[in-house]
1. Using modelled backbone amide H atoms (1.01 Å from N, in-plane), which distant-in-sequence or interchain residues come within less than 5 Å of Val68's amide H?
2. State whether segment 247-358 is rounded, prolate or oblate according to the following rule on the C-alpha gyration tensor (a ≥ b ≥ c being the square roots of its eigenvalues): a/c under 1.5 gives rounded; otherwise a/b larger than b/c gives prolate, and the remaining case gives oblate.
3. How would segment 235-306 be classified by its alpha-carbon gyration tensor: rounded, prolate or oblate, with rounded meaning a/c under 1.5 and the a/b versus b/c comparison settling the rest?
4. What full-extension length gain, to one decimal in nm, is calculated for Tyr196 and Leu531 as 0.36 nm per residue of separation minus the Cα-Cα distance?
5. Hey, what do the phi angles of segment 81-98 turn into as Karplus ³J(HN,Hα) couplings, whole Hz, using 6.51/-1.76/1.60 and θ = phi - 60°, x for Gly and Pro?
6. Sort 479-488, 244-253 by the packing proxy (mean of other Cβ within 10 Å over each peptide's residues), most packed first.
7. Please compare each pair in Lys66/Lys88; Lys194/Lys291; Lys311/Lys373; Lys514/Lys536; Lys291/Lys536; Lys194/Lys373 to a cut-off of 21 Å on the Cα-Cα distance and tell me which ones are over it.
8. Let me cross-check Ile325: its accessible surface, 1.4 Å probe, with only protein heavy atoms counted, in Å² to the nearest 10?
Amino acid sequence: LPAGDSTEIGERGINLSGGQQARLSLARAAYSNADVILLDDVLSAVDPHVSSHIFKQLIRGLLKSKTVIFVSHQLHFLPRSDYILVMKHGVIVQQGTFEEVKRSGSEFTDYLQLLNQEIKHESRDSSPLSRHRSGSTNREVTTDMFEEIDELDSDSATNPESPVAVAVADANTESNQGELIEEEERDTGAVNWKVYRAYFQSIPIGLTLIIAVTLIMSTVLRILTSWALAVWSNQGDSSYFKLYFILSFATIFTICLNQICWAVAGIVAGRFIHESMINRIMFAPTSFFDKTPTGRIVNRFTNDTDMVDSKLPVSLQSFFKVFFIVCATLLVQTAVLVWLLLLCAVVAVTFYLLQSVFRSTARELRRLDNLSKSPALAQLSESLSGLATIRAYRMQNRLLDSYMNKLELNACVFWASCNVNRWLGVRLEILGSAFIFVSALTSVVFCEYLDIGIIGLTLSFAIGMTGYLNWCVRFSTDSELQLTSMERMNYYCNIESEAPYIIPDCRPPSDWPKSGKIVIQDLTLRYRSNLPPVLKGLTVTLEGKEKVGICGRTGAGKSSLMLALFRIVEPLSGSI
């Protein structure tokens, strides 16, 4: 492994070969320091050199003071076992030491004959160990013979050119290369305008125009309705009552139409963004899933999708509605009392300063909230898939503490967000109350020059202005906070895709395949751009109807060749 026991392992051991997974499980058992170790055919996934090295250095070495129950079909380990159980059809037929069981004959004698045949079969190998075994095919299987084989395996393992020695050297010299999982991306500062554009481009242009027109109409009709009520109460003319009724009905109609359009726009935009994101995920290269935890992906498709689907359209619709009402109210206020324009300017500047401080803090807290959820979801997913292993090693409390720490970090961010909202609310209420006081004082001073109905209209707007300004700041900030989820989803909508499923220039003829011939020409393969090639200039021709076996030591590239044949990993160069 690149960094020894500090190497980061992907979910479900995705970056490990079968032999590496077996050795990792053995290392976990050794690290547990348990008194009893149960090993069920753990050496079947590694080659003979490595298995002999593990048996001597780990099972008979590091675990020599432990009780080890070792199940194996590799018979040459039997002479070094303290006690042997021979089983057949679920029943123990023989038991004892190696010499005792060997002398008893019957079933175990047959097993020894199989061992001799195994050694004779391995004599075709060109390695020093196999040549030693080839000279021993006619010898009786004894403890001395096993010790001689062990010595040769130890020499092979400690040889600087052997894979075992190289792995240890790599662990010592490349310890900084053990990281696999990339840190989750996080933007800072204001949400980029490209995120706004990406969201509004997902809404049809016709629907956008209807929303804009109905929003302007509902705001104008709302002001006209209040004006008609003020004039009617001042003059008592019944014609204004009819006008008030018509304007009220038109206002309700435009508001309902605007709400419906926003709902449809939210559904259309959410569906478009979700489909874009899932298409990119389905076409993402396998290296993306190697370095991205499942919990991070689940967070995008659950929490972030919920924000964009259900909360972002509501926040945008509320912000635009309140913003237009505030603008219309200010126009009415300044039309009645011109000098209030100066007060409105002071209020607007103060609100903008408060909003700037609040937005920057709340926006970063929301990003931290989104980031802090992913580790908790990832650990939950990994714990559920590895529940049997966690219980076997009694790591429930350790992982529970780790999970609770992640939840507590997320709760701290949420609590900070609540405090920021309270900070803003207090200051907005104070500012709004000051605006109402100045408007009321001005109306009293200039009451001789104004109609009673107009003064009432001005005061009602001033009282409502406090809430409108408060909600305008909140909804504008909420919209930007929800857009941080859109920002995260937009990142997944633009991740790198793997090669297309169908390459037009490489389409086979209609009668393909005529034969099972496979031609591999100068094939070079690597899993990620920052990793060295695992297949280097491989060239081979496999004729039709041939039965081809691919063999090699752990990490030789056997599985990588199969991945290349199925195009699960795209080659760096060459062709198949």
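The values are calculated or read from the model by the stated rules, or taken from the named source; none is laboratory data. Just so we're clear, the structure is a prediction, and the values are computed from it rather than from any experiment. Note that we place each Cβ from the backbone using ideal geometry, even for glycine, and neighbour counts take in every protein chain shown. Surface accessibility is based on the protein's heavy atoms, side chains included, excluding ligands, DNA and RNA. Shrake-Rupley method; radii C 1.70, N 1.55, O 1.52, S 1.80 Å.
1. Ile37
2. Working: a/c = 5.07, a/b = 2.00, b/c = 2.53.
Because a/c hits 1.5 or more and a/b fails to exceed b/c, segment 247-358 counts as oblate.
3. On the way: a/c = 9.80, a/b = 4.77, b/c = 2.06.
Prolate, since a/c reaches 1.5 and a/b exceeds b/c.
4. Values: separation 335, 0.36 × 335 = 120.60 nm, distance 3.64 nm.
That pair, Tyr196 and Leu531, stretches by 117.0 nm at full extension.
5. 8, 6, 8, 10, 10, 9, 10, 8, 6, x, 10, 7, 9, 8, 7, x, 6, 4
6. Details: 479-488: 23.6, 244-253: 15.9.
Top of the packing list down: 479-488, 244-253.
7. On the way: Lys66/Lys88 27 Å; Lys194/Lys291 26 Å; Lys311/Lys373 18 Å; Lys514/Lys536 29 Å; Lys291/Lys536 23 Å; Lys194/Lys373 25 Å.
Check vs 21 Å cut-off fails for Lys66/Lys88; Lys194/Lys291; Lys514/Lys536; Lys291/Lys536; Lys194/Lys373.
8. Counting only protein heavy atoms, the figure is 10 Å².
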